[in-house]
Each structure stands twice: as structure tokens, then as C-alpha cells.
Amino acid sequence: MTSHPKQQLTALLLCISATFGNLACAESVKLNLPDLENMMFTQSPALRSATNAVDAARAAVDTARTIPNPQIEVMNGTRKPRPGYTDTHANANLKSISLTQDLDMPWHRFPRVDGALAGLSAAQANEQSFRADMRAQLRLRYYDLVRRTAENRVAREDVKLMEGIHKRIELQVETGEKAKFELVKANAELLNAQKMQESATLRVRQSRGALRALVGVTLPEAFEVQEQTHTFAPPAPLNEVRDAVLKTNPELQRTRAERQQLDRKLSEEKSLRFPKFALRADQDNDPEWRSKRVGVAMNLPLWDWRGGPVGEAAAKLSQTDNQLAYQEFSLLQSLEAAYQQYDIANAQVVALEGGIVRHAANALRIAELAYKAGEKSFLDVMDAQRVYRAARNELITAQFELASAWAEIERLRANT
């Protein structure tokens, strides 16, 4: 009897520990860039807002295709004789029914529907452009977090190195092998390394917060990312990409769709100068007669020739033409600048990875060995460490610039 509650308690404790273990594992799972993109695209309220805009534009197309509803008018009244009229049957009730159906003429309907379809194309292109911008921002923040994490890691390595040197110098000062001035310099270098490590830690927190703000609340606070510095394929040559970008860039597609929409709006405003027609049927009932009438009603544009709306639509169309020309020129300039930045950053990464960082690391290792053997001074080790630190930080920065240039090229290509 006593062993059964103990077994239940043991099982409960195992379940609780397993649950917390699973939660800890879930929080410590490392996410790569595709995982973050999927989380953002499925959970981001901003992206859902862009999708809602497309739904609204699609509903606007249905509205433009709708046939106007008929109008029914029913009137009741009485008939009374004039004073002095002696006919006793003159008093009577009157009833009138009329039906009016506006005709959606082709010269009114087609420009209106075409304009709504162009608005739908503009909304879809705007959603695609927004997704490309969000993806580019996510990539930049992801690689920025990778950079800050690498800087924090090397800063911790510098602190460990300085702590080891500081202990060695402190021991030598205590034994009288070194002057106390060497310990003062070592303290200053150690404090400087610790300060840089604290700054690197704060930058990691800022970068993590910026990435989580973009992805959404579904990303836990204790998330980790896989440190992939530049695991992407190099872009195609500029000559091959330039024409494709002018055709497929979503920003240009949106502006072209807006231009088409304004062109249809101008045609619609001009078509409103033509008459509007409606079918009308009336029936009047009184005690003696029943009359029926069928006819056509026409709205004559006699005074209003739509001068203001036509001029406004024409001005907006011209403005969009100029904006489209500027966007095409600016897009090509941005593409060339991104390719130049990519080439420069790639050359820096190749040079730093190819020998500069390795040579600086070898120089630091030789200086440390010589310092332990008494052949080099503490300042020589510090100089070698500064050179190695500068080369290493340049490599981290060049890798980030290479990734940011690649992300900008993919954004302009809208390669989603």
C-alpha cells in the first residue's frame, strides 16, 4: 500500500522533468534562415495586412462587374373634385407603380472593370514587393545577428587570453621577475577586453530583439540561430540579371499596374461624357382607367463635361509615367551598386580568409610562445593580438557586407 503512492509520485516527477526537458530542448533548438522565413510569412500581421489588401482589390473587381439594381416606385393617392363639381363618382383612390432599370452601357462598363482588374494586379504586385522587402530585412537581421554573435565569441576569446596573460604577469610580479608597471598595463588591457566583451554582448541582445520583432511573438526569447555566414550561391552576372529585373521587379510591376489603372480611370471619366440610358415602365390605376407606359430615360451631359475629373486623371497618369521612368533608372543604379558592393566584399573575404587572418593568428601564436620563453615583451604580444583582432573583425564585417549585398540583389530580383 505504501509503495503505490511512491510509484505515482516518482512517475509524476519523471513526467514533470521530461516536460521541462522538452521545453528546454524546444527553446534551445537552433533555427536556420528558412525556418525564420517560414515563421515570419505564416505569423506576421504586416504580411496578413498586405494579403487583406489583395482581397479588398479582388472584391472591388466583383463590385465593378455588378449590374445596377432596378428601382421600384409605388405611389398611392386620392382624387377629389373641384368645388362646384357635382359628380359623386369623382372621389377615388389612385395608385401608380413605376420600374426603372439603369443600363450598364459597354463604354461605361469596360473601362470600369478594366480599372478594377488593374487595381487587383497592383495590389498583388504590392504584396509581392512587400514580401520581398520583408524577406530582405529578415536576411539582413539574421546575418547581423550572426555577425554580432561571432564578435561576441571572439571577444570572449580575447578576454580568456588576457586573463591568462594577466595571471602570468601577476605571478611574475609577485616573484619579482617583472616590474609592477607590467601588471598595471595588463590590468588596463584586461579591462579593455572585458569592456569590449560587454559591448559585444549588448549588441547581440539588440540584434536578437530586432530579429524577434520582425519574425513575431511566435519566436521565443531564448532562440538560437545557426551561424551560417555566407552559405548562398553567388548571383548571376549583371548583364543577365538587368533585363530580367526590369521585367519581374515587383515595384515596377506595381507601378505599371497603377499606371494601367489610371489609364482606365481616364477612359472611364471620358466615357461619362456619353449619355446614360435606363429602361422605365409605369402603370397608373384609377377607378375608371388603367394606363401602362414603357420608355427609355436618357441622362444628357449637357452642362457637365467632366472637365475636372478628366484633367485630374490625365495629370495622375502623367505623374505615374514619370515615376515609372525614375524607378527604372533608380532600380538599375541600385542593382549595379549592389553588385559592386558584392564584388568588393567578396574580394575582401577571399583575401582575409586566404591568408591575412591566418598569418595574423600565426604571428600571435609565435609572439605568445616567444613571450613565454622570455624573448618577447608584453607589448609585443599586445601588438600581435591587436593585429589579429583587427583582421578577424574585418573578416566578420566583410562577411556581413557580402551577405547584405547578396540580400539586396535578391530583393531587387524578387527571387522568392
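The values are calculated or read from the model by the stated rules, or taken from the named source; none is laboratory data. None of the values given here were measured: they were computed from a predicted structure. Because the Cβ atoms are built from the backbone with ideal geometry, glycine has one as well, and the counts that use them run over all protein chains shown. Side chains included, ligands, DNA and RNA excluded: accessible areas come from the protein's heavy atoms. Shrake-Rupley method; radii C 1.70, N 1.55, O 1.52, S 1.80 Å.
It is to be established whether one or more residues within region 313-331 are modelled with pLDDT under 90, buried (at least 18 other Cβ atoms within 10 Å of the Cβ) and touching a Leu at 6+ places or on another chain (Cβ under 7 Å). The answer is no; no qualifying residue exists. Only one of the numbered conditions (1) open to solvent by 80 Å² or more (accessible area, probe 1.4 Å); (2) assigned to a helix (DSSP H, G or I) is violated by A360, and that is (1). Consider region 376-391 and keep the residues that are under 25 Å from Q197 (Cα atoms), open to solvent by 50 Å² or more (accessible area, probe 1.4 Å) and touching a helix residue (DSSP H, G or I) at 6+ places or on another chain (Cβ under 6 Å). The one that is modelled with the highest pLDDT is V387.
A search for C-beta distances below 8 Å between a residue of region 372-386 that is within 15 Å of G164 (Cβ to Cβ) and touching a residue at least 40 places away in the same chain (Cβ under 8 Å) and any residue that is crowded, with 18+ Cβ neighbours inside 10 Å and β-branched (V, I, T), counting only pairs 6+ apart in sequence or on different chains, returns F378/I165; F378/I169; V381/I165. Consider N249 carefully, then state whether it is open to solvent by less than 90 Å² (accessible area, probe 1.4 Å), at pLDDT below 90 and either small (G, A, S) or within 30 Å of L145 (Cα to Cα) (or both). So N249 fits the description; yes.
Results for (1) open to solvent by less than 80 Å² (accessible area, probe 1.4 Å); (2) among the aliphatic types (A, V, I, L, M); (3) at pLDDT 90 or above, shown as yes or no for each residue.
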residue: P275; (1), (2), (3): yes, no, no
residue: A278; (1), (2), (3): yes, yes, yes
residue: A281; (1), (2), (3): yes, yes, yes
residue: E288; (1), (2), (3): no, no, no
residue: A297; (1), (2), (3): yes, yes, no
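Check whether at least one residue in region 198-210 is closer than 26 Å to L47 by Cβ, within 41 Å of the chain's Cα centre (by Cα) and open to solvent by less than 30 Å² (accessible area, probe 1.4 Å), and report yes or no. Checked region 198-210: at least one residue is closer than 26 Å to L47 by Cβ, within 41 Å of the chain's Cα centre (by Cα) and open to solvent by less than 30 Å² (accessible area, probe 1.4 Å). Checked against the criteria, A373 does not count as open to solvent by 30 Å² or more (accessible area, probe 1.4 Å) and in contact with a strand residue (DSSP E or B) (Cβ under 7 Å, 6 or more places away or on another chain).
Taking the conditions exactly as written (more than 20 Å from the chain's Cα centre (by Cα) and open to solvent by less than 80 Å² (accessible area, probe 1.4 Å)), does P111 satisfy them or not? Yes, satisfied. Residues of region 354-375 that are within 40 Å of the chain's Cα centre (by Cα) and modelled with pLDDT under 85: G354, G355.
Restricting attention to region 30-70, the residues that are in contact (Cβ under 8 Å) with a residue 60 or more places away in the chain, loosely packed, with under 11 Cβ neighbours inside 10 Å and outside any helix (DSSP H, G or I) add up to 1. Among residues of region 98-110 that are touching a residue at least 12 places away in the same chain (Cβ under 8 Å), those with a beta-carbon under 8 Å from a residue that is surrounded by 15 or more Cβ atoms within 10 Å (Cβ to Cβ) and acidic (D, E) at least six positions away or on a different chain give the pairs S98/D282; L99/D282; H108/E268. Counting only helices (runs of 4 or more DSSP H) that fall entirely inside region 177-292 and contain at least 1 residues that are among the small types (G, A, S) and under 30 Å from W303 (Cα atoms), the qualifying elements are 250-271.
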